[in-house]
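The values are calculated or read from the model by the stated rules, or taken from the named source; none is laboratory data. Quick caveat, the model's predicted, so the values are computed rather than measured. Here the Cβ positions follow ideal geometry from the backbone for every residue, glycine too, while neighbour counts run over all protein chains shown. Surface areas here come from the heavy atoms of the whole protein model, side chains and all, with no ligands, DNA or RNA. Shrake-Rupley method; radii C 1.70, N 1.55, O 1.52, S 1.80 Å.
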Amino acid sequence: MAKDALVSEELAGKFATEKDSAYLRWVRAEGLDVISAHYVPNLRTVELKPWPRRGGRGVFINHEASRTSNDCYVCEIAPGGKLAPQRQLYEEMILTLDGRGSTTVWNDAGDRISFEWKVGAMFAIPLNCWHQHFNGSGTAPARYVAVTNAPSVINLYDDINFVFNTVYDFKNRFAGEPDYFSAKGEQKGFLLTTNFVADAVNLPLMTAKERGAGGGHIRFNMARGTIASHISQFPVGTYKKAHAHGPGAHVIVLSGEGYSLMWPENEAPRRYEWQVGTMIVPPNAWFHQHFNGGATPARYLAFKHSSPRNAQGVPISWISRRLGGTQIDYADEDPKIQRMFAEALARHGVQSRMADVYEAEKATLPPKAA
């Protein structure tokens, strides 16, 4: 929705019991705090509390706009420690924030493999496989952030025992392949099919001129899952086009510094500064726009719920509003946005590289709709 349309307490009371869900009841039972914000300044330093069931420390990050589609949590493993083994009927994608360690994955058929990870590694847990994470350091904690589609699965079944204790091997997801978590992959277009990325910060990207400013882009399918994810990077002195999509995009800054603007339709943009480790979660249908305000290239990783696409399979957030999509062309953005960007660059002594970008856009700019 475009903005929070508030109603009377009387009307709200008639829907109060429907606001709760099986997923929210499970979250409360886990005993962790929930950060219900769409901006977290630094995932690496966010406060955690003991998580008895997992054997580590954690916090849920679950904005109202994503609590029914997908969720997010940060977990820390103590020096020399390990988490309890777990299996689940929902998908999970992980980015390592700090430290190094290893993970073991196995199924009921007895197939078992282990792999190592360090800061910047990204991987997915195969559906319903047992898995256990180990901290490889005896002196420093290891921390990761994960995005899952637990809300939709737990709400669907409303049976925690079934979600976490069903004996079934999805062999099309994992069948004990010894190279399952190698860094190999098959790329078609923007999509890289792989189960492990050793270094998301330095992974080579493809040019994506459609998002503006000559940035790089790559999309992932991991463990044959349905959680969408991509990495985008944009050069110094540039920024990306504004766009909007559905809920559940968890944007994690991997390198650089700058800021993002987010706003509901017909409202003023709100500014959020970011650095390495910042997370931004745009609410459902809010426009958002990312700006590289620093002196080095900026890169982010987004774990997402599925977004609407056109009949050709192209996300509508990649399509100009002039053509019926939700991407705002540079020519149509508020002039204040360009002035704000110039001021941000001036603080770092960086020159804008957008003049040529604005000019190049004119050659492909669709005509405005009547």
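General remarks:
- Tally, over the range 232-249, of residues that are of a type in the set (Gly, Ala, Ser) and over 14 Å from the mean Cα position of the chain (by Cα): 3
- Selection status of Ala360, farther than 19 Å from Ala244 by Cβ, touching a Phe, Trp or Tyr at 6+ places or on another chain (Cβ under 9 Å) and assigned to a helix (DSSP H, G or I): no
- Options Thr226, Thr207; residue that is open to solvent by 40 Å² or more (accessible area, probe 1.4 Å) and within 17 Å of the chain's Cα centre (by Cα): Thr226
- Sub-8 Å Cβ pairs linking a first residue in the range 344-370 that is within 23 Å of Thr296 (Cβ to Cβ) to a second residue that is among the polar types (S, T, N, Q) and assigned to a helix (DSSP H, G or I), at least 6 apart or interchain, are Met354/Gln338, ordered by first then second residue.
- The set of residues from the range 275-301 being outside any strand (DSSP E or B) and either open to solvent by 10 Å² or more (accessible area, probe 1.4 Å) or not small (Gly, Ala, Ser) (or both) comprises Gln275, Val276, Thr278, Val281, Pro282, Pro283, Asn284, Ala285, Trp286, Ala295, Thr296, Pro297.
- Flag if Thr104 is polar (S, T, N, Q), modelled with pLDDT under 95 and open to solvent by 10 Å² or more (accessible area, probe 1.4 Å): no
- The residue that is most open to solvent (accessible area, probe 1.4 Å), counting only those in the range 150-181 that are under 23 Å from the mean Cα position of the chain (by Cα) and among the small types (Gly, Ala, Ser), is Ser152.
- Residue identified as in contact (Cβ under 8 Å) with a residue 40 or more places away in the chain and open to solvent by 30 Å² or more (accessible area, probe 1.4 Å) among Pro335, Pro308: Pro308
- Test: residue in the range 232-239 that is assigned to a loop (DSSP other than H, G, I, E, B), of a type in the set (Ser, Thr, Tyr), in contact (Cβ under 8 Å) with a residue 40 or more places away in the chain and open to solvent by 40 Å² or more (accessible area, probe 1.4 Å): no
- Evaluation of Lys14 against the conditions (1) in contact with a strand residue (DSSP E or B) (Cβ under 8 Å, 6 or more places away or on another chain); (2) among the basic types (Lys, Arg); (3) farther than 30 Å from Glu76 by Cβ shows that the sole unmet condition is (1).
- Within the range 354-370, the set of residues being among the acidic types (Asp, Glu) and open to solvent by 80 Å² or more (accessible area, probe 1.4 Å) comprises Asp356, Glu359.
- Gly214 more than 28 Å from Ser114 (Cα to Cα) and open to solvent by 20 Å² or more (accessible area, probe 1.4 Å): yes
- Failed condition for Glu116, given (1) more than 29 Å from Val253 (Cα to Cα); (2) open to solvent by 20 Å² or more (accessible area, probe 1.4 Å): (1)
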